[in-house]
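Asker: Here it is: the structure, laid out below.
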Amino acid sequence: MKLNIINDSGMDLSEDTLNKWIKGIATELKKKKIIDTDKKTQEVSLVFLNENDAKKLNWNYRCKDYPTDILSFGSDDPTSMGELVLCPQVISRQAKEHGLSLEDELGYIMLHGVLHLLGFDHEKSKVDEERMMSIQDEVFDNLRNPKSAKKGKTEVEAPKKNLTVKKAATAKSAKPAAKAAAKVAVKAAVKPVAKSAAKPAAKSAVKAAPKTEPAKKKKKK
């Protein structure tokens with residue numbers, strides 16, 4: 001998967017870390033035959049917003065008056081898997097609550113968002129939730145502990161680490177929206193885009209998207 005990164009959050013983020021996670025996620029999902037070669041080469045847009053903009057987006061989309069950690073938007077563009085809109089300030093607080101580093105929390109949330117873009121939905125039923133969370137936790141554990149992953153696992157462990165993630169239904173042209181919002185993708189480890197650049201794009205991406213409710217769970221180390 002290729003990343004298009006737009007950082008309008010005002011918080012320092014490492015492009016190398018984000019690329020490392022998305023590369024690992026794509027590799028693990030391909031091993032599990034969840035994605036094929038075509039999917040692995042698609043682009044994923046990451047849009048990082050500050051808490052104020054994330055709060056406004058969450059209100060406009062879900063009528064929830066607080067900043068949220070992540071929203072996911074599908075795409076009709078065959079070259080794009082979709083767009084993930086994240087708030088690193090919220091994610092940083094969650095990392096402390098879950099006993100994880102910010103890097104690991106970011107990776108876990110990115111993985112959850114990617115699974116939503118691939119059509120997984122923990123809100124449909126208990127069976128769907130268990131299946132998605134099992135895949136999510138196994139992939140996450142494999143990426144955090146590559147030596148353990150090489151030995152192989154005969155069973156998928158029961159879900160242990162979950163988080164509050166808000167999923168958006170497919171929205172048209174998520175990729176063009178992200179590019180139009182940023183105009184310049186992040187090229188350095190930290191390179192924020194001008195304030196409010198990404199917000200209009202995220203808003204336009206969700207105009208026709210229905211509301212969904214997240215699953216609220218706790219994640220343990």
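The values are calculated or read from the model by the stated rules, or taken from the named source; none is laboratory data. Computed from a prediction, not measured in an experiment: that's the story for all the values here. So basically every Cβ, Gly included, is an ideal-geometry build from the backbone, and we count neighbours across all protein chains shown.
Asker: Given the criterion closer than 23 Å to Asp141 by Cβ, touching a helix residue (DSSP H, G or I) at 6+ places or on another chain (Cβ under 6 Å) and among the aliphatic types (A, V, I, L, M), identify the matching residue among Ile34, Ile25.
Answerer: Sole residue among the options that is closer than 23 Å to Asp141 by Cβ, touching a helix residue (DSSP H, G or I) at 6+ places or on another chain (Cβ under 6 Å) and among the aliphatic types (A, V, I, L, M): Ile25.
Asker: May I pose another question? Please find, within the stretch 115-148, the residue that is farthest from Gly82 (Cα to Cα) out of those that are assigned to a helix (DSSP H, G or I) and polar (S, T, N, Q).
Answerer: Ser148
Asker: Name the single residue, out of those in the stretch 21-34 being in contact (Cβ under 8 Å) with a residue 24 or more places away in the chain and assigned to a helix (DSSP H, G or I), that is nearest to Leu102 (Cα to Cα). I'd like the intermediate steps shown before the answer.
Answerer: Taking the stretch 21-34 and keeping what is in contact (Cβ under 8 Å) with a residue 24 or more places away in the chain, we get 21-22, 24-26, 28-29, 32, 34.
Still in the list and also assigned to a helix (DSSP H, G or I): 21-22, 24-26, 28-29.
Numbers: Trp21: 12, Ile22: 15, Gly24: 17, Ile25: 17, Ala26: 20, Glu28: 21, Leu29: 22 Å.
Per the criteria, the residue is Trp21.
Asker: Can you name the residue in the stretch 35-54 that is without any contact (Cβ under 8 Å) to a residue 24 or more places away in the chain and either in a helix (DSSP H, G or I) or of a type in the set (Lys, Arg) (or both) and, of all such residues, is surrounded by the fewest Cβ atoms within 10 Å (Cβ to Cβ)?
Answerer: Thr37
Asker: Asp76 fails exactly one of the following numbered conditions: (1) farther than 22 Å from Asp104 by Cα; (2) assigned to a loop (DSSP other than H, G, I, E, B); (3) without any contact (Cβ under 8 Å) to a residue 40 or more places away in the chain. What is the number of that condition?
Answerer: Condition (3) is where Asp76 drops out.
Asker: Just name the residue that is farthest from the chain's Cα centre (by Cα) out of those in the stretch 94-139 that are over 25 Å from Lys39 (Cβ atoms) and not hydrophobic (A, V, I, L, M, F, W, C).
Answerer: Looking at residues that are over 25 Å from Lys39 (Cβ atoms) and not hydrophobic (A, V, I, L, M, F, W, C), I get Lys126.
Asker: Is it true that Met81 is closer than 17 Å to Asp141 by Cα and at pLDDT 95 or above?
Answerer: Answer is no for this residue.
Asker: I'd like to check something: does the stretch 35-45 contain any residue that is among the hydroxyl-bearing types (Ser, Thr, Tyr), within 23 Å of Asp16 (Cβ to Cβ) and in contact with a Lys or Arg (Cβ under 9 Å, 6 or more places away or on another chain)?
Answerer: yes
Asker: Can you confirm whether Lys64 is assigned to a helix (DSSP H, G or I) and not aliphatic (A, V, I, L, M)?
Answerer: The answer is no for Lys64.
Asker: Further, regarding this structure: Are any of the residues in the stretch 101-109 surrounded by fewer than 24 Cβ atoms within 10 Å (Cβ to Cβ), in contact (Cβ under 8 Å) with a residue 40 or more places away in the chain and in a strand (DSSP E or B)?
Answerer: No, every residue in the stretch 101-109 fails to be surrounded by fewer than 24 Cβ atoms within 10 Å (Cβ to Cβ), in contact (Cβ under 8 Å) with a residue 40 or more places away in the chain and in a strand (DSSP E or B).
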